[in-house]
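Structure, as structure tokens:
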Amino acid sequence: MEQPDSRTVYTNACMTMREDTTRRPDGSTGIYGTVDKPGFA
């Protein structure tokens, strides 16, 4: 899977939310969301 684009959707002192555009092996695209909270598991 490729990641052709990534953007920060929201950020504050506690967390950052990111949205990645992905390209699957069959050529279709999708969106993958990530929440990063430093200091949390």
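The values are calculated or read from the model by the stated rules, or taken from the named source; none is laboratory data. Since this is a predicted model, take the numbers as computed values, not measurements. As a convention, Cβ positions derive from the backbone with ideal geometry for all residues, glycine included, and neighbour counts pool all protein chains shown.
So is Gly27 among the small types (Gly, Ala, Ser) and either in a strand (DSSP E or B) or in contact (Cβ under 8 Å) with a residue 12 or more places away in the chain (or both) or not?
So Gly27 does not fit the description; no.
Which of the residues spanning region 8-21 are farther than 9 Å from Thr34 by Cβ, touching an Asp or Glu at 6+ places or on another chain (Cβ under 6 Å) and at pLDDT 95 or above?
Val9
For region 3-12, what are the residues that are surrounded by fewer than 10 Cβ atoms within 10 Å (Cβ to Cβ) and either in contact with a Lys or Arg (Cβ under 9 Å, 6 or more places away or on another chain) or touching a residue at least 12 places away in the same chain (Cβ under 8 Å) (or both)?
Those that are surrounded by fewer than 10 Cβ atoms within 10 Å (Cβ to Cβ) and either in contact with a Lys or Arg (Cβ under 9 Å, 6 or more places away or on another chain) or touching a residue at least 12 places away in the same chain (Cβ under 8 Å) (or both): Pro4, Arg7.
Residues of region 13-39 being of a type in the set (Lys, Arg) and surrounded by 11 or more Cβ atoms within 10 Å (Cβ to Cβ), which ones?
Those that are of a type in the set (Lys, Arg) and surrounded by 11 or more Cβ atoms within 10 Å (Cβ to Cβ): Arg18, Arg23.
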